[in-house]
Each structure stands twice: as structure tokens, then as C-alpha cells.
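Asks: Input: one structure, supplied below.
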Amino acid sequence: MKYTNTLKLSSFILIFALFITACGDDPASSGNEDPPEFPEFENIDADLSYFEQNSQATGQENNTNFTEAYFYATGLSAVTSSGLFYTAFFSSADQAEADFNNGTWRWEYSYSFEGETASIVLTSQEVGDNLVWEMNWSYDDGQGTSFEDYTMVEG
């Protein structure tokens, strides 16, 4: 059952990312009149050291939950190692109306597919000479598996 839910979520994310991928040539910029342009992404290497350290130190390799989390994390790591994954979600925000409040730009949008729902909140705030981006996800598969405000990207 959990494998099916994980497979459905992974499939949903992958299919969505492939349909929404868009490219841009403009660098990220900021201004109070207009929302900043979305950043460009490069390949991303996930830090899986938690699994390596805890597996060897505590013998977790025989724990079913640990093993399932390990395979889920390494699978998502493979998908997210390409910047296209995040580019798709950032470019989707471009279709949403940006709100500016207290120095923070905010985009919010959601999707539904076969009873599963996902909502994404993207924020950008100018800190010094940099823009700090944060993307939070909420998800519900309609069968009891859900999470709210999970920070997917920050930086």
C-alpha cells in the first residue's frame, strides 16, 4: 500500500515536471514594483549522508521503515539531481499572480490529479544583495497520506 502511494506521488511529480518545464535566459532580479525573475537551476546533489551514517552506526539496514525511507530519498534524489525538476515548479508560479507583502513576494498555486492534491507556495525576499527563495509543498493523496508546508527548496 505504501509502495503504491509512493509510486503514485513520484509519478505525479515526474509527469507534472515534464509537462511544465520551461527555460528562461534572464537572470534573477528583484524590484518592489515587479516580482523578481525566477532563478536558473543547475544539477543538484542531495545529501544522503544521514542514511549512510545511521545505517552503519545503528544497524538500521534491517528496519523496514528505514529501508523504505532510504529508497524513497534516493529515488527522489535521482529525480531532483537535474535542475529541470525545480525549474518546472518555479515556472508554474509564473502562471500564478504574485502578491507583495512586507518585503516578500508570494506565489501560490495548486493541482489535483485522480484524487490527489498538491499546493505549492513560493516566496522570495530580498536580503542584502541576494534574493532568498523558499518553496513549501502541501500534499494529500486522498487516502490518509498527507503533509503540510514541507520546505522543498530554500536558498
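The values are calculated or read from the model by the stated rules, or taken from the named source; none is laboratory data. Keep in mind that this is a model prediction, so the values were computed, not measured. Note: ideal-geometry Cβ built from the backbone for every residue, glycine included; neighbour counts use all protein chains shown. All accessible areas refer to the heavy atoms of the entire protein, side chains included, with ligands and DNA or RNA removed. Shrake-Rupley method; radii C 1.70, N 1.55, O 1.52, S 1.80 Å.
Asks: Please give the solvent-accessible surface of THR117 in Å², to the nearest 10, using a probe radius of 1.4 Å with every protein chain present.
Replies: 60
Asks: Can you tally the net charge around PHE147? Count Lys and Arg as +1, Asp and Glu as -1, for every other residue whose Cβ sits under 11 Å from the Cβ of PHE147. Walk me through the intermediate numbers first.
Replies: Values: positive: none; negative: ASP140, ASP141, GLU148, ASP149.
Local net charge: -4.
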